[in-house]
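A short write-up of the structure that comes next.
Taken together, the values in this text are just the output of simple stated rules run on the coordinates, not laboratory data. Everything numeric here is computed off the predicted structure, so don't read it as measured data. Here the Cβ is made from the backbone with ideal geometry for all residues, glycine too, and neighbour counts use every protein chain on show.
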Amino acid sequence: MEPKRVISVSQVNTYLGCPLKYRFQYIDKIPRPWRVASMAFGTSVHAAVEWFHKERLAGRTADMAEVLKVFDADWYAQNVEPLVFSERESKDSLAEKGRAMLQLYVESGNGTMPVAVEQPFELDLVDPETGELLDVRIRGIIDLVEADQTLVDLKTAGRTLEQGGLERHLQLSTYALAFLLQHGDIPKLRLDMLLKTAKPRLERHPTTRSVEDLGWTARLIREVSLAIETEHFFPNPSWRCTECEYFAHCQQWRGTWPDEQLVAISDGEGVGEIAGA
Amino acid sequence: MKADQQLVRTVDVHDRVGNVVGSKDVVLYAGLLNQAHEEGLLKVCTSILQIPTEENGRLAIVKAEVQTAKGLFEAVGDACPENVDEFLAPHLIRVAETRAKARALRDAVNVGVVSYEELDGVSLNRDSSPGSGAPIAARSPRHSGNGNGTARSRSNGHSRPPRSSNGNEPMSEAQRRYLFRIMSGQGFQKEAAENRLKDLFEVSDLAEITKVAATKMIDELLNAAPGNGNGGNGAEARHLR
């Protein structure tokens, strides 16, 4: 019997953002010629926050200096490979910003102890409205589970949530769906946003989901999985294209980019121009 | 005592295309586990430090704690598609867990010989014999395999097939970040960390480091970290998570 397809939340998000990017990244496995600095920055902040919570989880006092050391090491390592910065940002300015954001995060603790950090899940997808077993497994990692069973996702961003962004947040919906399928009830959810504003801000957005919401989420994941299985990979042009690592490959897919130029870009040449930085 | 009941075995060492290029003494997980039970094993528990994802080069890292009457022994194990056989690639977390437990068990029962499960590029000899240089500390308990089925597929006496990867892929972003965090834990920051890594790998550019070399170095650095008892995950390694 064929094993069930397993799909992760980030794969679903990538596919929904641009199916062709999904193909380049997950099917063709094309190495990224560069990374957008904001993405790498978010990863470094996330690594330091993760370390902070794991220390607390282990019953140790998480020292601010140590949190910053984790961030500094991670951010330096991220910069070893080409990153593309926006006009207003640089390696040093983001390093400073990251330290300020982490200081704020640690000092703004809500007093709730974590019961799990980076908790993985993988389970058969079931439509919670109908009970139908869908032919795919879903996997993901929950950033933080707090003692009152609040599932938390942490994001860094340049600005606050757009209208409806909390309700549409697929990662939180998938966390809730996984929790419902595992434990039989719908958890509290929260999106913690660390904002890279001039003066960093921490916004905590509590939310929840209904069974109907989660049924919709399950069906959406199933449909994405089916679309991948049937190889529906098409571009989804949007503002994101200007900072897409696969911009050149996408142009080649359209047939408007000569192969030799693509090779040069894959080697890291002309990165700034392509990313619009 | 039958030869196949010995704790220490001699295994073939292969190059990347499957040619036998030498031999090595190893211990088997099953034997380690048996020895630990005989010495009063109290607890074995594991925790996942890193889930393998596409973003981190599918590197799974698991920490194991083994408690015996002698104390608590900690170790980490890792697995990625480049350091396991192809048929194990879908089971990276389990391989990393077995490797972590094997390392912790070795410390617990005071066996310095590396375990078969920790290695890549080796297979049990057809007529695997007790190792020559290592102490024979215990009998393998129930069978001659290694406790997780890998022996059977490797013990056919033939060179193993070429791998899909040639082992020369550059280290993953996750590995690079991990190494810098280890360096940070050892007091090397930023450029000093980069220079230290270049020295350790004997390269002039970090881009020259392969995934396989990075895996081995991470393993060695974690094992050598001060303050981690018998090869565990102590104060230095706490930065790694």
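Can you put B:Leu59, A:Leu214, A:Leu166, B:Leu88 in order, fewest other beta carbons within 10 Å first? Walk me through the numbers before you get to the answer.
Details: B:Leu59 26, A:Leu214 23, A:Leu166 16, B:Leu88 19.
The fewest-first ordering by Cβ neighbours comes to A:Leu166, B:Leu88, A:Leu214, B:Leu59.
Give me the mean projected area, in nm² to one decimal, of the convex hull enclosing the Cα positions of segment A:8-138. In nm², the orientation-averaged hull projection of segment A:8-138 is 11.2.
Ordered by the number of other Cβ atoms lying within 10 Å of each residue's own Cβ, fewest first, A:Asp143, B:Asp85 fall into the sequence B:Asp85, A:Asp143. Using the Cβ-Cβ distance between A:Arg219 and A:Gln252 with R0 set to 30 Å, the FRET efficiency works out to roughly 0.30. With the convex hull drawn over the C-alpha atoms of segment B:52-108, the volume per residue is 63 Å³. Entry note, chain A: the mean residue ellipticity at 222 nm calculated from DSSP H runs of n ≥ 4, each adding -39500 (n - 2.57), is -13500 deg cm²/dmol after division by the residues and rounding to the nearest 500. With kT/(6 pi eta Rh) evaluated at 37 °C and eta = 0.692 mPa s, and Rh the Kirkwood radius from Cα pairs, segment A:127-256 diffuses with a coefficient of 193 µm²/s according to Stokes-Einstein. Per residue of peptide A:65-77, the mean number of Cβ atoms on other chains within 10 Å of the residue Cβ is 6. Contact order, relative form, for chain A: 23 percent (alpha carbon pairs under 8 Å, 6 or more residues apart, mean separation divided by residue count).
In segment A:161-210, one over the average inverse separation of all distinct C-alpha pairs is 11.9 Å, which is the Kirkwood hydrodynamic radius. For segment A:212-254, taking the reciprocal of the average inverse distance between every pair of different Cα atoms yields a Kirkwood hydrodynamic radius of 12.5 Å.
What order do you get for A:Cys241, B:Cys45, A:Cys18, B:Cys80 when you list them from fewest to most C-beta neighbours inside 10 Å? Could the numbers behind the result be given before it?
Details: A:Cys241 16, B:Cys45 11, A:Cys18 22, B:Cys80 27.
Ordered from fewest to most neighbouring Cβ atoms within 10 Å, A:Cys241, B:Cys45, A:Cys18, B:Cys80 come out as B:Cys45, A:Cys241, A:Cys18, B:Cys80.
Our summary gives segment A:105-182 a relative contact order of 26 percent, counting only alpha carbon pairs under 8 angstrom and 6 or more residues apart. All other residues with a Cβ under 13 Å from the Cβ of B:Glu97 taken together, and with Lys, Arg as +1 and Asp, Glu as -1, what is their net charge? After counting each charged neighbour, the total is +1. The residues neighbouring A:Leu154, those whose beta-carbon lies less than 13 Å from its own, together hold a net charge of -4 under the Lys/Arg +1, Asp/Glu -1 convention.
For segment A:81-145, the percent of C-alpha pairs falling in each 5 Å distance bin, counted from 0 to the bin holding the largest distance, reads 4, 12, 11, 11, 12, 14, 12, 10, 9, 5, 0.
Looking at chain A, do any whole DSSP H helices span at least 18 angstrom along their long axis by alpha carbon and average 0.0 or above on Kyte-Doolittle, and which? Display every interim value, and only then the final one.
On the way: long enough: A:37-57 (30 Å, 0.07); A:64-78 (21 Å, 0.15); A:91-107 (24 Å, -0.45); A:170-183 (19 Å, 0.89); A:211-229 (27 Å, 0.35).
For chain A, where a helix must reach 18 Å along its axis and average at least 0.0, the hits are A:37-57, A:64-78, A:170-183, A:211-229.
Can you give the mean number of other chain Cβ atoms that lie within 10 Å of the Cβ atoms in peptide B:173-181? Please list the in-between numbers first.
Working: counts 8, 2, 1, 6, 11, 4, 2, 9, 8.
Going residue by residue through B:173-181 and averaging, the value is 6.
Looking at segment A:42-196, the DSSP beta bridges with both ends there are about 60 percent antiparallel.
Its alpha carbons considered, chain A gives a radius of gyration followed by a Dmax of 19.9, 57 Å.
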